[in-house]
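Below you'll find the structure, written out as structure tokens, and then a few comments.
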Amino acid sequence: MDVFKSQYEMIQRTRESLFRFCETLTPTDYVKEIETLGGVSIRSLHVHVADCYRVWLGNRALGKSLPKITPKSVGNVQSMREIFKNTDELVYEFLNDFKIKWDPTIHVSWQSDSVELTELWLFSHTITHEFHHRGQIVKMGRQLGYIPPKMNLAKL
């Protein structure tokens, strides 16, 4: 069993429950900026999560030159689903590329500096980052008057 791929598959299934919740929002609420959370929207947090995978795993770990995703380029939840399909492909490319070399460090630029990070750190960072923002998205949905389903990690 490839543990990291299995873990990411759980994350994908869990992400699906968030997508289904977001599809219950009106299109206006999906893009509405919530002042109590710094003026961000659910859409902008979704974009931020996808962009984190692209920057850390694509640009920094795999050395790709991937353009930044902007919230305005994403019109609705279906468009966001498409972005995450591409994100999934990138994550699997990363997992395939690094599956036998988790310990070596790589040099990456971060906050005007260069740091040494392991591939395990990069993968852990991106998935925990997604769950952090998932909680914020659910909270924003509640503030907008929606009742989300339970958002536990999906089972295998």
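The values are calculated or read from the model by the stated rules, or taken from the named source; none is laboratory data. Worth saying up front: this structure is predicted, and the values here are computed from it rather than measured. Here Cβ is always computed from backbone atoms with ideal geometry, including for glycine, and neighbour counts include all displayed protein chains.
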Go through segment 52-92 and count every residue that is in contact with a strand residue (DSSP E or B) (Cβ under 8 Å, 6 or more places away or on another chain) and β-branched (Val, Ile, Thr).
-> 0
Residues of segment 38-51 satisfying the condition of being closer than 27 Å to TRP121 by Cβ and either of a type in the set (Phe, Trp, Tyr) or at pLDDT below 95 (or both) | GLY38, VAL40
Return the only residue of HIS125, HIS129, HIS133 being closer than 21 Å to ARG15 by Cα, touching a strand residue (DSSP E or B) at 6+ places or on another chain (Cβ under 9 Å) and modelled with pLDDT of 90 or more.
-> HIS125
From the options ASP29, ASP51, ASP97, ASP2, residue that is closer than 20 Å to THR118 by Cα, of a type in the set (D, E, K, R) and in contact (Cβ under 8 Å) with a residue 40 or more places away in the chain | ASP2
